[in-house]
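The values are calculated or read from the model by the stated rules, or taken from the named source; none is laboratory data. On a predicted model such as this, the values are computed, not experimentally measured, just so you know. Reconstructed Cβ throughout: ideal geometry from the backbone, glycine too, with neighbour counts over all protein chains shown. Ligands, DNA and RNA are stripped out before the accessible areas are found, and what is left, the full protein with its side chains, is counted by its heavy atoms. Shrake-Rupley method; radii C 1.70, N 1.55, O 1.52, S 1.80 Å.
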Amino acid sequence: MNQHRRAFARLLLTTAALAATTGMACAQTAAWPTKPVRVIVPYAPGGSSDTLGRVIAKHLSDVFKQTFVVENRGGAGGIIGSQMVARAEPDGYTLVVSGIGSHVVAPVDNPNSYDPIKDFTHIAILGGPPAVLAVNATLPIKDLAGFMAYAKSRPEGLSWGSPGQGTHAALIGEAFRAETGLNLVQISYKGANPAVADVAANQVPAAFTTLTTAAGNIRSGRLRPIAVTSSKRIAEFPDVPTFAELGYPRLVGTTWFSLSGPAGMNPALVDKLNAEVRRGLKTPAAVQELATQNMETFDWDVPTFNQYFKKEIDHWTPYVKEAAVAKK
């Protein structure tokens, strides 16, 4: 009998401790944030990740009446800034603008950097621009069939610029090369802007890059867009077909970015942040800002985003590994 009483007493103590812990966690979540929150952008200022990070940081600051401070910590393809967050306390006060480059490509290229699933709590997808295949407007290339014919007429290979090895646009270009069997030679730049500049100046005939970066030269007539990787045609450029409608359904996707934190964040806080991020992306100010940069946004809950995240890793990892082999 005494043994049963002692077991029952231990059960009561365990239950009470669990209830106290749960209650404390709920109280902390309800009070959060009580101090400024750091939002690490693991890239230089001015890019799509920076734009999205600042749009969301402003909304969260307004809603929670607390400062969300954007810090640009670029380097190593997003690894340096992301590592800072992976090592931080999972209390919701250090977040990162994650994405396909820093959390899908970089960990494959640098497996000792971090585990993109185990070392992070993935909160919400933000969105991003599609990639575009664009050519210098003076070339006799009007559409994708013309591009392929032009490439086949050059046995030495057709050069194309990318924003850099491991970027989403570079992966799209390599995937297109693999699917078509064309002899396409990637010229890797340190960013999308110099790649686009060289195509506009006809130093390089073509580029796979973000539509956000290429849009200005497309509007001015210096670049001709051939196809985009968005799921549907872009409102600003309705005459530009998607790769999917041209017969390449695997070449669909955006250079997406998201909001993540260290592993082990409180699920209630994660849901709270996810809901506010989704609301923030629908505000008139955010819609207008992101539309001007041809960015696509998504309204996904936490499980849907995490499922997509894992699918993206499975989809792009073979291309990343193939590109790594090609560099050797």
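Before moving on, here are some points about what is shown:
- Surface composition of the stretch 116-174: carbon plus sulfur atoms contribute 57% of the solvent-accessible area (1.4 Å probe, protein chains only, all chains present).
- Gain upon complete extension [Ala235, Ala76; 0.36 nm per residue less C-alpha separation]: 53.8 nm
- Positive-pole candidate from Pro241, Ala200, Ile100, dipole of the chain, charges at beta carbon: Ile100
- Taking the average, over residues, of other Cβ atoms within 10 Å as the packing measure, peptides 159-165, 208-214, 226-232, 62-68 rank 208-214, 159-165, 226-232, 62-68 from highest down.
- Förster radius 51 Å - calculated FRET efficiency between Thr138 and Val252 (Cβ-Cβ, nearest 0.05): 0.95
- Projecting the Cα atoms of Ala268, Ala323, Ser231 onto the charge dipole of the stretch 185-328 (Cβ charges, centred on the Cα centre) puts Ala323 farthest toward the positive pole.
- Helix-only mean residue ellipticity at 222 nm for the chain, each DSSP H run of n ≥ 4 adding -39500 (n - 2.57), per residue, nearest 500: -14500 deg cm²/dmol
- Paramagnetic reach from Glu156 in the stretch 176-206 [backbone N under 20 Å; point 7 Å along Cα→Cβ]: 182-188, 198-206
- Ala149-Thr34 FRET efficiency (beta carbon distance; Förster radius 56 Å; 0.05 resolution): 0.35
- Surface composition of the stretch 189-315: carbon and sulfur atoms hold 52% of the protein heavy-atom accessible area at a 1.4 Å probe.
- The charge dipole of the stretch 84-164, taken about its Cα centre with unit charges on the Cβ atoms of Lys, Arg (+1), Asp and Glu (-1) only, comes to about 420 debye.
- With both labels modelled 7 Å from their Cα along Cα-to-Cβ, the Lys282 to His315 distance reads 2.4 nm.
- Taking Cα atoms only, the orientation of helix 302-327 departs from the longest principal axis of the chain by about 50 degrees.
- Arg224 sits among other residues whose Cβ lies under 13 Å from its own Cβ, and their net charge, with Lys and Arg +1 and Asp and Glu -1, is +1.
- Accessible surface for Thr180 stands near 30 Å², nearest 10, in the context of the full protein assembly shown (1.4 Å probe).
- Förster radius 22 Å - calculated FRET efficiency between Ser188 and Glu245, Cβ distance, rounded to 0.05: 0.15
- Each label was represented as a point 7 Å from its Cα along the Cα-to-Cβ direction; for Thr304 and Asn112 these points are 4.0 nm apart.
- Volume of the Cα convex hull of the stretch 43-192, divided per residue and given in Å³: 139
- Using a probe of 1.4 angstrom and keeping all protein chains present, the accessible surface of the chain works out to 46 square angstrom per residue.
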